[in-house]
Amino acid sequence: MHLHSEKNILVLLVLVLFALGGGWVLPLSANAAKKFERKNCLDCHKAFREERLSQKTVHAVINKEGCEACHMRHGFVPKLLLKESGNNLCLGCHSKEQLGLTQPHVHTALKNGKCTDCHDPHATNSSKLLSAEGKEMCYRCHQQELFEKKFVHSVIRGNGCSACHRAHGSQEKFLLERADPQLCLSCHDSGKGSFREKHGSYPVENKPCASCHDPHSSSTPKLLKSVVHEPVARAACGDCHNLSKSDPPFGLKLQGAALCDTCHDREALKAGPVEHLPFKEGNCQLCHDPHTSNSSKLLVRIGNNLCNDCHQEKGKKLSSQHAAVTAGSGCLACHNPHAAEKKLLLKTGVELCHSCHAESKASLENKAIHPPFADGECEGCHDPHGSNFPFMFRDRMDEVCYGCHTDAESRFKKTYTHQPLLNANCAACHNGHSSAENKLLKRPAGTLCLDCHKELMTVDPGSLVHVPFAENDCLLCHNVHGSNIGGMLNQKQDLLCYDCHDTLPKGMKQAKSIHAPIQRGECTKCHNPHKAKLNRLLLTDGKDLCLTCHKSLKEELLRSKEVVHQPVQKECQVCHLPHFSAEKMLLNAPLVKLCGDCHDLKDEAFGKAHLQISPAVMDCMECHRPHSADNAALFRKVQHSPFAGNSCAECHLPDSRQGVKP
């Protein structure tokens, strides 16, 4: 075996040497001469080359076929991988300083987004690789209508947004190239006579132009903002300010509200004793611009934004918002901005709410009215500004209700609690304002239950129905909020049933045996409390109902060798009563009489089989099983040997002596 292995090794060595020195050398050399040739990306991506390289502006790295400056060469199936994520890739070539990203003010699109939100990374037909040209690019985020009103700043028409704004970052607010007014004065010569004349010879070149003018477009000539203070519209600056040659030229003739009161009747604005603090302190400019504004009434900010500057908690986003606050005139729908009778409200009490909620006012005619609603205390339940709870509730609905119904929580929250109450949804059953039904129910109690329990309360043709259920009197048995008893019952099941079925407790007092479910107060072990197809509302038919509890008997009856007592094959109630009995084992008659209903106790064969012993002294069950056995006579399995041999006379005296031998 060892010599055979050595021969194999020698043969293998010869073959190797032959291969290295002979005819196999040339093919190996040919394979070694082959090598991979490197291709450029565009050699394969020809459609990309044809589409993109012909465009007006091409990214420099694309022109140099430098795809790998941004992309990994092999990528990652099923997509190409960039070498860096997001803007970090661009910043590898374009430094933050170069782009202006280190400036105090950075374009939001760049700060919160990606370079590719504005630029195409490959090629475009727009300058600077922009996805669109000029202001059309800006209009993708900025509302175009605001920049194309009746009168448009000529520089926008000619040079677009970049004439005044930087694209990436700036030292100035709004990404301006220079601060206002220096930026404006780069085009508008403040030394010209026409400029001086239009501005009443005031040195406005030292003031921000945007305090009066809209830098983009306006519905008003001279690009004045849409709402212009009447003296400004007349170019009557001297109505409020010192003369232009005064020192200082922009000094006011009077201070604060005293100046405003020369034109505006303060008493007419004072609609009540409660004054808005800025109005009370004469600080009109906290809310109003004295020159121009794009908001009505010369307000310094639009709508609720002005109010929220001071009342910041009212500006929070809420899940349940008051339409009066979020739409239309906003805060002013309910509040007077200067003064009013109470809480700066336009109207007092519930009348303010009814001015919008007319249907609520009409509901005051209903039979049952919620006291807070009747008293006009809407704010007792609702937050007029909105909340994070449905219907603008001040808290979770049930907690709001418990605020007045202080004892209700302990009465309602039980071991078994009604699902709407668990969900804090009192409004599932009750109207919060008023109702035509007692207790503010949405509908009569029985029909109200249908909303959730429709399937249960639908009665099939031919079914028997419990009387309270048929009359929709659910509350006769159930507590509508909660109970410590299963099924949310008003009281223990047996006591509840006995309120109507009063013969049962009376009979049970005299009974010798009582059915176990009755003793435990579990009527629904056998009966459906609502509806059923069977008489007496039984859950199922015949002995099947009994065998759901008597499982050992069921197993006994199913054994194939068992002989089943004939009455058992029919119905348990042939022998037993369902609730209680004056006899043991719920028998419906004394045992001998019960057996005698089927067996002729006077029959000669019966007498002979039982040694003529009088049936009156017998206990049939001492010898026989009542339900089934493994023999036709239903004898018990364990038998006394003389009895098993049918030799009763060995122990018993025959005939009339009816006794046992001494």
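The values are calculated or read from the model by the stated rules, or taken from the named source; none is laboratory data. Owing to the predicted nature of the structure, the values given are computational and were not obtained by experimental measurement. Cβ placement follows ideal geometry from the backbone for every residue including glycine, while neighbour counts extend to all protein chains displayed. Remember, those area values only see protein heavy atoms, side chains included, never the ligands or the DNA or RNA. Shrake-Rupley method; radii C 1.70, N 1.55, O 1.52, S 1.80 Å.
At 1.4 Å probe size, what's the solvent-accessible area of M585? Round to the nearest 10 Å².
M585 has an accessible surface of roughly 90 Å² with all protein chains in place.
Using modelled backbone amide H atoms (1.01 Å from N, in-plane), which distant-in-sequence or interchain residues come within less than 5 Å of H478's amide H?
So H478 has HN proximity to N490.
With charges set only on the Cβ (+1 for Lys and Arg, -1 for Asp and Glu), what does the dipole of the chain come to about its Cα centre, in debye to the nearest 20? Intermediate values should be presented prior to the final figure.
Working: 80 positive and 72 negative charges, 370 e Å.
It works out to roughly 1780 debye.
Can you list which of the DSSP-assigned H helices in the chain have a Cα extent of 15 Å or more along the long axis and an average Kyte-Doolittle score of at least -1.0?
On the way: long enough: 2-21 (29 Å, 1.49); 445-457 (16 Å, 0.38).
Flagged H segments are 2-21, 445-457.
Would you mind checking which residues have amide H under 5 Å from A123's amide H? H placed 1.01 Å from N; only 5 or more apart, or other chain.
H59
Can you give the FRET efficiency to the nearest 0.05 for S211 and E359, using r as the Cβ-Cβ distance and R₀ = 51 Å? Working shown, then result.
On the way: r = 47 Å, r/R0 = 0.92.
Here the calculated transfer efficiency is 0.60.
Roughly how many percent of the accessible protein surface of the chain is carbon and sulfur, given a 1.4 Å probe and a whole-percent answer?
Numbers: 25330 of 44310 Å².
The nonpolar share, carbon plus sulfur, comes to 57 percent.
Suppose each label sits 7 Å from its Cα in the direction of the beta carbon; what would the T326-C452 distance come out to in nanometres?
Once both label points are built, they end up 2.8 nm from each other.
Test of the criteria: in region 201-288, which GluC sites (Glu not before Pro) are in a DSSP loop and have at most 12 other Cβ atoms within 10 angstrom of their Cβ? Mind showing how you got there, number by number?
Details: sites: E205, E267, E275, E281; in loops: E281.
Passing sites in region 201-288 are E281.
Tell me, what is the percent relative contact order of the chain, built from C-alpha pairs under 8 Å that lie six or more residues apart? Could you put the intermediate results ahead of the total?
Values: 755 pairs, mean separation 36.4, N = 662.
Result for the chain is 6 percent.
Taking 0.36 nm per residue of separation and subtracting the Cα-Cα distance, what length does fully extending R196 through L286 add?
Working: separation 90, 0.36 × 90 = 32.40 nm, distance 2.95 nm.
That pair, R196 and L286, stretches by 29.5 nm at full extension.
Quick one: accessible surface of R636, probe radius 1.4 Å, all protein chains present, in square angstrom to the nearest 10.
80
Given L146, H199, L175, which one lies farthest toward the positive end of the charge dipole of region 119-210, if we put +1 on the Cβ of every Lys and Arg and -1 on the Cβ of every Asp and Glu?
H199
Given the DSSP H assignment, sum -39500 (n - 2.57) over each helix run of at least 4 residues in the chain and divide by its residue total; what's the result at 222 nm in deg cm²/dmol, nearest 500?
On the way: 34 runs with 201 residues, N = 662.
Taking each H run of at least 4 residues, the total per residue is -7000 deg cm²/dmol.
Farthest toward the dipole's positive end in region 262-411, which of V350, A271, V400, given Cβ charges of +1 (Lys, Arg) and -1 (Asp, Glu) about the Cα centre?
A271
What residues of region 370-395 lie in the reach of a label at E409, counting those whose backbone N is under 17 Å from a point 7 Å from the Cα along Cα→Cβ?
381, 394-395
Express in nm, to one decimal, how much length is gained between E650 and V617 on full extension, taking 0.36 nm for each residue of separation and deducting their alpha carbon distance. Working shown, then result.
Details: separation 33, 0.36 × 33 = 11.88 nm, distance 1.91 nm.
Going from the current span to full extension adds 10.0 nm.
Could you give me the ³J(HN,Hα) list for region 232-240, computed from phi with Karplus coefficients 6.51, -1.76, 1.60 and θ = phi - 60°, whole Hz, x at Gly and Pro?
Values, residue by residue: 5, 4, 8, 6, 9, 4, x, 5, 10 Hz.
Is there a pair in K114/K316; K198/K316; K225/K280 whose C-alpha atoms are over 32 Å apart, and which pairs would that be? Walk me through the intermediate numbers first.
On the way: K114/K316 29 Å; K198/K316 44 Å; K225/K280 28 Å.
Distance filter (> 32 Å) returns K198/K316.
Rank K554, K602, K637, K173 by accessible area, highest first, at a 1.4 Å probe radius?
On the way: K554 100, K602 190, K637 155, K173 135 Å².
So the residues, ranked largest to smallest area, are K602, K637, K173, K554.
Where does each of V204, V459 land when they are ordered by accessible area, with a 1.4 Å probe and the largest first? Each step should come with its number before you reach the end.
Working: V204 35, V459 65 Å².
Order by accessible area, largest first: V459, V204.
Taking +1 at the Cβ of each Lys and Arg and -1 at the Cβ of each Asp and Glu, which of H579, T524, L553 sits farthest along the dipole of region 524-598 towards its positive end, judged by Cα position relative to the Cα centre?
Result: T524, furthest along the dipole toward the positive end.
Within the set K128/K173; K46/K83; K64/K128, which residue pairs have Cα atoms separated by over 19 Å?
Values: K128/K173 24 Å; K46/K83 23 Å; K64/K128 17 Å.
Listed pairs above 19 Å: K128/K173; K46/K83.
How large is ³J(HN,Hα), in whole Hz, for each residue of region 578-591 in order, when computed from phi with the Karplus curve 6.51 cos²θ - 1.76 cosθ + 1.60 and θ = phi - 60°, using x for Gly and Pro?
Couplings: x, 10, 7, 8, 7, 10, 6, 6, 6, 5, 8, 6, x, 4 Hz.
In the structure shown, do any of K207/K245; K367/K414; K361/K439; K506/K531; K551/K637; K343/K439 have a Cα-Cα gap over 24 Å, and if so which?
Values: K207/K245 16 Å; K367/K414 31 Å; K361/K439 19 Å; K506/K531 26 Å; K551/K637 20 Å; K343/K439 33 Å.
As for pairs spanning more than 24 Å Cα to Cα, those are K367/K414; K506/K531; K343/K439.
Apply the a/c threshold of 1.5 to the C-alpha gyration tensor of the chain and tell me whether it is rounded, prolate or oblate.
Working: a/c = 5.47, a/b = 1.62, b/c = 3.39.
Oblate, because a/c is 1.5 or more while a/b does not exceed b/c.
Got the relative contact order for region 67-139 handy, in percent, Cα pairs under 8 Å and 6 or more residues apart?
Values: 46 pairs, mean separation 11.4, N = 73.
It rounds to 16 percent for region 67-139.
Protein chains only, probe 1.4 Å: how do S219, S513, S127 rank by accessible area, largest first?
Numbers: S219 70, S513 20, S127 40 Å².
Accessible-area ranking of S219, S513, S127, largest first: S219, S127, S513.
Given charges of +1 on the Cβ of Lys and Arg and -1 on the Cβ of Asp and Glu, with all other atoms neutral, how large is the dipole of region 335-404 about its Cα centre, in debye to the nearest 20? All intermediate terms of the calculation are to be shown ahead of the outcome.
Values: 7 positive and 11 negative charges, 31 e Å.
It comes to approximately 160 debye.
Using the Karplus curve 6.51 cos²θ - 1.76 cosθ + 1.60 with θ = phi - 60°, what ³J(HN,Hα) values do you get for each residue of region 608-621, in whole Hz, with x for Gly and Pro?
Computed from phi, the couplings for region 608-621 are 5, 5, 10, 6, 6, 6, 5, x, 4, 9, 7, 10, 3, 7 Hz.
Let's see if you can work this out: charge +1 on each Lys and Arg Cβ, -1 on each Asp and Glu Cβ, no other charges. What is the dipole magnitude of region 570-630 about its Cα centre, in debye to the nearest 20?
Roughly 80 debye for region 570-630.
Could you do me a favour and compute the accessible area per residue for the chain, 1.4 Å probe, result in Å²?
On the way: 44310 Å² over 662 residues.
Counting only protein heavy atoms, the per-residue value for the chain is 67 Å².
Sequence-distant or interchain residues sharing an amide H contact under 5 Å with T292, placed H: which?
H229
In square angstrom, rounded to the nearest 10, how much accessible surface does C260 have for a 1.4 Å probe?
50
Expressed in nm to one decimal, what extension gain is obtained for the pair K297 and R559 from 0.36 nm per residue of sequence separation less their Cα-Cα distance? Write out the running numbers ahead of the final one.
Numbers: separation 262, 0.36 × 262 = 94.32 nm, distance 9.62 nm.
Here the answer is 84.7 nm.
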